[in-house]
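Below: the structure, in structure tokens.
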Amino acid sequence: MSAPGHRGRRQAEAERNDRALLQAAREVLAADGAHASVASIAARAGVGIGSLYRRYRTKEELFQRLSALSLEHWNEAAERGLADDDPWRGLKGFITACVEFGQGSLSPVAGTIEITEEMAASSARGDELLAALVARAHEAGVLRAEVTAVDISLLIEQLGTSPLLDQLRKQGRDDLVGAAMEARARLVTIAVDGLRAVHTEPLPGGAPSGGLFTERWARAPEPPATGARGSGRAG
């Protein structure tokens, strides 16, 4: 085998392993939350822990990569939605694409990882795109007047995870996964149709603030050290 061919095969294998790791990390996060272990992620992906650490030096780095990819997907889905001539179809397509991607599955790591410049820039761009989708739908009269961009962000997060699917996958019940996915698609359609302007009953409470969705991503300060060193920072 030639050296270039060997390198090509190794690169393809590394890319497959990376995709498997990212998917496994998303699934383990959904099931176990922010305390998901590296060992569980590697086992779910079918690779050794050494392979994981060769690609990602820390668990935080892995979660940052997942977050960056999730934001990238959000923005691409929003751009496709804006490219659709039909404001309602564009908004619905955006929501559905984000839900199917599992956009809300990363919420457990909020406040536990450092926000990189790439993540911050993508998030700001995503806010602009969603605001444009919402404004266009309001102007067309197809979206309930009181629905905000934050409402839609929170809805996507709620629908982006499925306890039933997570449970079935954890149990290895592949025979039921297809039916569960169909049931989930029905529920998503029911929920999204609730955004239409045809509904006359007002939504309860006031509109949620943007901080409700974003401020939990701010990394919490470490508690002061106790004991002989008083309130100084440990180490």
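Computed values, structure above
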| read-out | value |
| --- | --- |
| Simple Cβ-charge dipole of the range 53-116, Lys/Arg +1 and Asp/Glu -1, about Cα centre, in debye nearest 20 | 400 |
| Rounded to the nearest 10 Å², the accessible area of GLU118 at probe 1.4 Å | 100 |
| Separation of the TYR53 and THR200 label points, Cα + 7 Å toward Cβ, nm | 6.5 |
| Chain lengthening between ILE115 and ALA39 when straightened (0.36 nm per residue, less Cα-Cα) | 25.0 nm |
| Degrees between helix 174-193 axis and first principal axis of the chain (Cα, 0 to 90, nearest 10) | 40 |
| Net +/- balance of residues flanking TYR53 in space, Cβ distance below 15 Å, scoring K and R +1, D and E -1 | +2 |
| Angle between the chain longest axis and helix 3-32 axis [Cα atoms, degrees, rounded to 10] | 60 |
| Folded to 0 to 90 degrees: helix 117-139 orientation relative to the chain principal axis, Cα | 20 |
| Virtual spin-label span in nm between GLU15 and ASP174, 7 Å along Cα→Cβ | 2.5 |
| Percentage relative contact order, the chain, counting C-alpha pairs under 8 Å, at least six apart | 20 |
| Pairwise centroid distance, computed over Cα atoms, of the range 111-177 with the range 45-93, Å | 12 |
| Alpha-carbon Debye profile of the range 105-146, log10 I(q)/I(0) at 0.23, 0.30, 0.35 Å⁻¹ | -0.80, -0.98, -1.10 |
| Sorted largest first, extent of the chain alpha carbons per principal axis (Å) | 61, 60, 37 |
| Exposure rank, largest accessible area first [GLU128, GLU182, GLU157; 1.4 Å] | GLU182, GLU128, GLU157 |
| Distribution of pairwise C-alpha distances over the range 42-134, 5 Å bins, in % | 2, 13, 19, 20, 16, 12, 8, 6, 3, 0 |
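The values are calculated or read from the model by the stated rules, or taken from the named source; none is laboratory data. All of these numbers come straight from a predicted model, not from anything done at the bench. Note that each Cβ is placed from the backbone with ideal geometry, even for glycine, and that neighbours are counted across all protein chains shown. Areas reflect the complete protein model, heavy atoms only, side chains present, ligands, DNA and RNA absent. Shrake-Rupley method; radii C 1.70, N 1.55, O 1.52, S 1.80 Å.
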